[in-house]
1. Of the numbered conditions (1) open to solvent by less than 20 Å² (accessible area, probe 1.4 Å); (2) hydrophobic (A, V, I, L, M, F, W, C); (3) out of contact with any Asp or Glu (no Cβ under 6 Å at 6 or more places or on another chain), VAL132 satisfies every one except a single condition; which is it?
2. Where in the stretch 123-235 are there helices (runs of 4 or more DSSP H), lying wholly inside it, with at least 3 residues that are aliphatic (A, V, I, L, M) and under 23 Å from PHE251 (Cβ atoms)?
3. Would you pick out the residues in the stretch 135-165 that are within 14 Å of ILE71 (Cα to Cα) and of a type outside the set (A, V, I, L, M, F, W, C)?
4. Within the stretch 221-251, take every residue that is under 16 Å from PRO193 (Cβ atoms) and in contact (Cβ under 8 Å) with a residue 12 or more places away in the chain and give me the one that is most open to solvent (accessible area, probe 1.4 Å).
5. Report the residue count in the stretch 175-213 for those that are within 16 Å of the chain's Cα centre (by Cα), open to solvent by 40 Å² or more (accessible area, probe 1.4 Å) and farther than 23 Å from PHE80 by Cβ.
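The values are calculated or read from the model by the stated rules, or taken from the named source; none is laboratory data. This structure is a prediction, so every number in the text was calculated from the model and none was measured. Virtual Cβ from ideal backbone geometry, glycine too; neighbours counted across all protein chains shown. Remember, those area values only see protein heavy atoms, side chains included, never the ligands or the DNA or RNA. Shrake-Rupley method; radii C 1.70, N 1.55, O 1.52, S 1.80 Å.
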Amino acid sequence: MGKYLRIWQRLAVMGFKIQTGHPLSSSGYLLGKFIRIVFFLVFLAAIFKHTQALAGYSLEEVALFFLTFNIVDILAQLFFRGIYGIRALIREGDFDYFLIQPVNVLYRVAFNTVDFLDVVTIIPVFVITWYVFKRIPGGIQPGRFCLYILLCLNGMVIALAIHIAVAALAVLTQELENTIWIYRDVMTLGRFPSDIYSSKLQSVLIFVIPVAVMISFPAKAFLGRLNLLWILHAIAMACLGLWLSLFFWRFATRKYTSVSS
């Protein structure tokens, strides 16, 4: 464990030096992220000027879904950003080099890039989420808050499983962009409560592409609108998804014949 922490620390330092070496570009990218969050909150406020509730949820409750989306999405990008560069690693031959290193190759790929801009972005999201927690009727109840944290972590496991599956597909096909952007586009559906969608689409977002499990379930648990059966379903889906993605990854790496073949 200590070895892997040192590796992550070294990769994080390298990433920080790269980003600080281009301050103008990094500042513009960071500003864009903040503007996106602010505009969406303004958008929510505009909607609730004309309606009292959205699918039975108040403004603060809908904001919680959006903030949960940002927490899971930003943390996934922070920790798994290296997956996005796997095609370049394969094309340039660096993936071959990773395979012979005395380190788990999946760990090396996933943490190859550490984006400190996401660290800066997640802090105000946490602050706003805490404020929204206190505005929701009933306030912060320890049991519900713990369930919220647990299901957010569960959502991170599902995000990891999806990223591993995408990486495995990239190893097999040397393609990534279309697959990862499909995931990114579907992920945005989680910005709103899953209840606003049709029953068929809700089923897809729960059982096929589990965006609702990743985002809506934590928010619903905090609001007391999620029963034990769905909580167990979420945990089982995360465990199964991770196992299947690791199986797919091992299959893909066994089929890999190196860039020079």
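1. For VAL132, the exception is condition (3).
2. Passing ranges, in order: 142-173.
3. TYR148, ASN154, GLY155, listed by residue number.
4. TRP230
5. Number of matching residues: 0.
Conditions (1) surrounded by 13 or more Cβ atoms within 10 Å (Cβ to Cβ); (2) in contact (Cβ under 8 Å) with a residue 24 or more places away in the chain; (3) under 25 Å from ALA219 (Cβ atoms), marked per residue:
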residue	(1), (2), (3)
PHE95	yes, yes, no
GLN101	no, no, no
ARG108	yes, yes, no
PHE111	yes, yes, no
VAL120	yes, yes, yes
ILE128	yes, yes, yes
ALA159	yes, yes, yes
